[in-house]
Amino acid sequence: MLPQITIRAAVEADYDAVARITRDSYLAAGYFDDAEHPYMRKIQDVALRAGQATIWVAERNSEVVGSVTLATAGEPYADIALPDELEFRMLVVDPAVQRSGAGKAMVDAIINHARSLPGITGVALTTGETWESAHGLYRKAGFRRVPERDWFVPGTDTKLLVYRLDL
């Protein structure tokens, strides 16, 4: 049995691990070919992201193994959140430990947190069209597709899918 996963707010000491896990996850999944892509550089700037959004980490045996970014409507990192939604983005797990429960633990913590927020009646996320393992995780957690909210990365033909969980 794997040691327990703790979900907690990221602190500055975590930023390098969050950047590495984000980079490694996106590259291993084939989302980008190069860590120097402008979007990849942006998501690896964890200090900037932490100044504009909430970042959580998943920790096992005192090691950061995953992270996720949370936002509500109107915040800089909210792409799709409606006024009654908590949105999460960039949910990543270190490729070395994927499928070990860290992603599920983060999704469960997000849902529980959203239930505690006044005025929040749903959790929303955007995911890549071909990211099948992520789709499975979200469906198992009760998220449903909202195809009318799908969108394209600006200036590209990359379609992003929207999922929502009603609380």
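The values are calculated or read from the model by the stated rules, or taken from the named source; none is laboratory data. Small disclaimer: the values here were computed from a predicted structure and weren't measured. Protein only, heavy atoms only, side chains kept; ligands, DNA and RNA dropped before computing areas. Shrake-Rupley method; radii C 1.70, N 1.55, O 1.52, S 1.80 Å.
Whole-Hz Karplus values for the stretch 102-115 come out as 5, x, 4, 4, 5, 4, 4, 5, 4, 4, 4, 5, 4, 4 Hz, taken residue by residue from phi with 6.51 cos²θ - 1.76 cosθ + 1.60 and θ = phi - 60°; glycine and proline positions read x. Projected over all directions and averaged, the alpha-carbon convex hull of the stretch 114-155 occupies 4.1 nm². Solvent-accessible surface of the chain, averaged per residue with a 1.4 angstrom probe and all protein chains in place: 52 square angstrom. For LYS42, the lysines whose Cα falls under 28 Å of its own Cα, not counting residues fewer than eight places away in the same chain, are LYS104, LYS159.
Counting only the Cα atoms, the stretch 24-167 fills a convex hull of 120 Å³ per residue. Computed over protein heavy atoms with a 1.4 Å probe, the carbon and sulfur contribution to the accessible area of the chain reaches 51%.
Each residue of the stretch 9-84 gets 103 Å³ once the volume of the Cα convex hull is shared out per residue.
Among ASP94, ASP33, ASP150, which one moves the most in a GNM of the chain with springs linking Cα atoms closer than 10 Å? Greatest mean-square fluctuation among the candidates belongs to ASP33.
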